[in-house]
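> Before we start, here is the structure in question, set down as structure tokens.
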There are 2 protein chains.
Amino acid sequence: VNNQEVLLARRPVGRLAEADLEIVATRLPALRSGEVLVENLWQSVDPSTRLRMNATTPDGYLPPFALGEALVGMAAGRVVESRAEEFREGDAVTHMWGYRRFSVVRPGRAELGGIGELAKVDASDRPLSRYLGVLGSTGLAAWAGLTVVADLKPSDIVWVSAAAGAVGSIAAQLAKARGNVVIGSARSEPKIAYLRDVLCLDGAITYRNGRLADELKRAAPEGIDVYFDNVGGDHLEAAITPLRPHGRVAMCGTVASYSSAGTAPGPANMFQIVSKRLVLRGFRTGDFIDALPEMRAGLGQHLDDGAIECAERSFEGIGSVVHAMNSMLDGHHVGKTLCRLA
Amino acid sequence: VNNQEVLLARRPVGRLAEADLEIVATRLPALRSGEVLVENLWQSVDPSTRLRMNATTPDGYLPPFALGEALVGMAAGRVVESRAEEFREGDAVTHMWGYRRFSVVRPGRAELGGIGELAKVDASDRPLSRYLGVLGSTGLAAWAGLTVVADLKPSDIVWVSAAAGAVGSIAAQLAKARGNVVIGSARSEPKIAYLRDVLCLDGAITYRNGRLADELKRAAPEGIDVYFDNVGGDHLEAAITPLRPHGRVAMCGTVASYSSAGTAPGPANMFQIVSKRLVLRGFRTGDFIDALPEMRAGLGQHLDDGAIECAERSFEGIGSVVHAMNSMLDGHHVGKTLCRLA
């Protein structure tokens, strides 16, 4: 017995309960030819993992996890032993076979559109955890969503929802770094303060008081051109009204719906999509793996020059997964959520 | 007194009443330098004209008509007198200053994105009315919506709603002519028969029985790739579920909402836009004026080779406008709605 894995013990209803997941001790098999043994040091905690714990997932999404099986999700670690040519002991890597202390990975499988494949990263001058966040799939979601999906232009006024979250905080700062006017929204006062005082956004609005549209109008009286949607539902409706002609919506996810199977009614102002020639485009990060080197160069530069501040909240140990995920989904902290595994 | 104009006498509620419009006799002013006098022979009857009779129009749309002022809308006719260099007596033309027996038009004004500008058309071997329908803005909506907005690909399975209508019937036939599998929907049995027996679509479904999603599933069991939306509301929701990954929606208008100021709730399955990476794109025909020559060549060829049949329903006289518009919005006939003015 030399490994630990996180299993889905029962399907959660709403918030995760400790009994929904089970940490089991297992024995690592002997490494076969072509395989790599990775000690996972960081576990990425993502809303999509919670979504996959439900009995069904939306059409076109990743399938639900099976009961009694180990979860998967992006992890970063070090190669302990390699029987694959391209990897050597000590290599810093990311891969999607996380939720284990050690993972046996076979390289070359284009999981999650390639982003989940075992890949070396250069952690010589950056913390390894960055490659799960700002320089990993989180950063790629922000980068691709803003530059490709929303086709950001210099004069665009941008609204980012869940702007204190992992993806949102990078998207908001990237747009700021490019010189755009950026409004961010979040659901608590501490987060609003973070958007205003730390990220220095042009507007920071909350939606706890149910007057999102009014606050948006105050923050961006001339309207917006791009809405980076991390929330869906009422937020999307609130975005459609101030969107100016030829406005664009990059739909990254709807955090609110990850914990529930329920579906909320869509925006009542859909006709404005026609009248203002809007484009709503849903996207998944894995579709933009080709942009990974460009994203790492671009966001890496912004990290170096201080234009982007990288917030990470890490929880200690594989046993903290339930707590970490609830804290993220409850919106209790800013930035990227991680578990430190060793 | 030598002209007749159609004024908005009062704002209609729901269906048009005769008293909502007034036909007044007016005197034509003497033609000034740079102006052209057109005798209008055909009046295009469009849902957008009904929408503009409301006290407000959706943000980004054309403004409401003023009470007591003449309507405008696309018309086709002959030049009677010209004091502009580019036009001569006898020229066949289209322009947006219709709802008059005669119009005094100043060329060179890029109205409605250019499609409303006074323009010569070649009516030597085609009926002039075609330039309001299949070879006019109606055809351009179908052409641009399908080829540009929806980016139609050879293997796409296409659903066109209101497929017996002016735009829908052209869009459905164009996709058929390109070899796509095409499902059309309409709201009455005679129209279903038209889609099935005249347009020879691969599937013809109705939505009178409230089971649109089921009928769509039967007609396209493998799903669809493109939805050409002329209806909005429940139709859009019914489209999102069978849309396959990377599916596209060209949002041309929402006929149901033209007569009412009310807004219906949007689709409850919006998360699938993310999970399946769908694109919803609203468009207005005037944005695609550059494609007009290509559209006329393409659809003209299809008219000649019989791949597209062109349904027109014409009403007699300027006094038939109310009846024509109600008949169109009630869905009482197929194809393009016109009033013959002379």
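Each reported figure results from applying straightforward, stated rules to the coordinates on display, with no laboratory input. This structure is a prediction, so every number in the text was calculated from the model and none was measured. Ideal geometry is used to build each Cβ from the backbone, glycine not excepted, and the neighbour counts take in all protein chains shown.
> I'd like the distance separating the alpha-carbon centroids of region A:88-103 and region A:121-190, in whole Å.
Here the answer is 25 Å between Cα centres.
> Averaged across B:236-248, how many Cβ atoms of other chains sit within 10 Å of each residue's Cβ atom? Intermediate values should be presented prior to the final figure.
Details: counts 3, 2, 0, 0, 2, 2, 1, 2, 2, 5, 3, 2, 1.
Taking the mean over all residues of the peptide, I get 2.
> I've got another one for you. Just going by the charge dipole of chain A, with Lys and Arg at +1 and Asp and Glu at -1 on Cβ, which of A:Ile273, A:Tyr99, A:Ala84 is farthest out on the positive end?
Looking along the dipole axis, the top candidate is A:Ile273.
> Considering only DSSP states other than H, G, I, E and B, which GluC sites (Glu not before Pro) in region B:74-166 qualify as loop sites with at most 13 other Cβ atoms within 10 Å? If you can, show how the numbers build up before the last one.
Details: sites: B:Glu81, B:Glu85, B:Glu86, B:Glu89, B:Glu111, B:Glu117; in loops: B:Glu85, B:Glu86, B:Glu89, B:Glu117.
Answer by residue number: B:Glu85, B:Glu86, B:Glu89.
> From the label point of B:His246, set 7 Å along Cα to the beta carbon, how far off in nm is each other copy's matching point, shortest first?
Those separations, rounded to one decimal, come out as 2.6 nm.
> Relative to the Cα centre, what is the charge dipole magnitude of chain A, using +1 at the beta carbon of each Lys and Arg, -1 at the beta carbon of each Asp and Glu, and rounding to the nearest 20 debye? Mind dumping the intermediate values first?
Values: 37 positive and 39 negative charges, 101 e Å.
That gives a dipole near 480 debye.
> Shifting gears a bit: Mind checking which chain A residue has its Cβ closest to the axis relating A to B, and how many whole Å off it is?
Nearest Cβ to that rotation axis, in whole Å: A:Gly266, 1.
> Right, another one. Mind listing the label-point distances from B:Asp125 to the same position on all other copies, shortest first, one decimal in nm, points 7 Å along Cα→Cβ?
7.0
> Given the alpha-carbon gyration tensor of chain A, what are the semi-axes of its equivalent ellipsoid in whole angstrom, ordered largest first, with each equal to the square root of 5 times an eigenvalue?
Values: eigenvalues 243, 96, 62 Å².
Output for chain A: semi-axes of 35, 22, 18 Å.
> Shielding by partners for A:53-62, please: the mean number of other protein chain Cβ atoms within 10 Å of each residue's Cβ. It would help to have the intermediate numbers written out before the result.
Numbers: counts 0, 0, 0, 0, 2, 9, 12, 13, 5, 1.
If you average over the peptide's residues, the count of other-chain Cβ atoms is 4.
> If each residue of separation counts as 0.36 nm, what is the full-extension length gain between B:Val80 and B:Glu189 once their alpha-carbon separation is subtracted? Please list the in-between numbers first.
Details: separation 109, 0.36 × 109 = 39.24 nm, distance 4.40 nm.
In short, 34.8 nm is gained.
> Next question. Near the amide H of A:Arg313, under 5 Å away, which other amide H atoms are found, from residues 5 or more places off or on another chain, if H is placed in the peptide plane?
Excluding prolines and chain starts, which carry no amide H, the hits are A:Lys336, A:Thr337, A:Leu338.
> Would you mind listing the distances between the B:Leu28 label point and the same position in each other copy? Use 7 Å along Cα-to-C-beta, nm, one decimal, shortest first.
9.3
> Here's a follow-up. Between A:Ala25 and A:Arg106, what is the FRET efficiency for a Förster distance of 22 Å, r being their Cβ-Cβ separation, to the nearest 0.05?
Calculated value: 0.40.
> Seen from all sides and averaged, what is the projected area of the convex hull of the Cα atoms in region B:78-217, in nm²?
The directionally averaged projection comes out at 10.6 nm².
> I'd like the mean, over residues of A:275-288, of how many other protein chain beta carbons sit within 10 Å of each residue's own Cβ. Write out the running numbers ahead of the final one.
Numbers: counts 12, 6, 9, 6, 7, 9, 8, 14, 5, 5, 0, 1, 3, 0.
Counting Cβ atoms of other protein chains within 10 Å of each residue's Cβ and averaging gives 6.
> Hey, can you rank A:224-230, A:150-156 by average C-beta count inside 10 Å, highest first? Provide the component values of the computation, followed by the final result.
Details: A:224-230: 27.3, A:150-156: 16.0.
The packing order, highest mean first, is A:224-230, A:150-156.
> Suppose every Lys and Arg Cβ carries +1 and every Asp and Glu Cβ carries -1, with no other charges. What dipole size does region B:64-139 come out with about its Cα centre, to the nearest 20 debye?
Details: 10 positive and 10 negative charges, 34 e Å.
Approximately 160 debye in magnitude.
> Now for a different question. Once you sort the root eigenvalues of the Cα gyration tensor of region B:261-338 as a ≥ b ≥ c, which label holds: rounded (a/c under 1.5), prolate (a/b larger than b/c) or oblate (the other case)? Numbers along the way, then the final one.
On the way: a/c = 2.34, a/b = 1.28, b/c = 1.83.
Taking the square roots of the gyration eigenvalues as a ≥ b ≥ c, region B:261-338 is oblate.
> Here is a follow-up. Given 4 °C and 1.567 mPa s, compute D for the protein assembly as shown with the Stokes-Einstein relation, Rh being the Kirkwood radius over Cα pairs; round to the nearest whole µm²/s. Display every interim value, and only then the final one.
Details: Rh = 27.6 Å.
Translational D for this selection: 47 µm²/s.
> Simple spin-label model, 7 Å along Cα-to-Cβ: A:Asp122 to A:His246 in nm?
The two pseudo-label positions are separated by 3.8 nm.
> Could you list the trypsin sites (Lys or Arg not before Pro) in region A:157-247 that lie in coil according to DSSP, counting only those with at most 13 other Cβ atoms within 10 Å of their Cβ?
On the way: sites: A:Lys176, A:Arg178, A:Arg187, A:Lys191, A:Arg196, A:Arg208, A:Arg211, A:Lys217, A:Arg218; in loops: A:Arg178, A:Arg187, A:Arg208, A:Arg211.
Those satisfying the criteria are A:Arg208.
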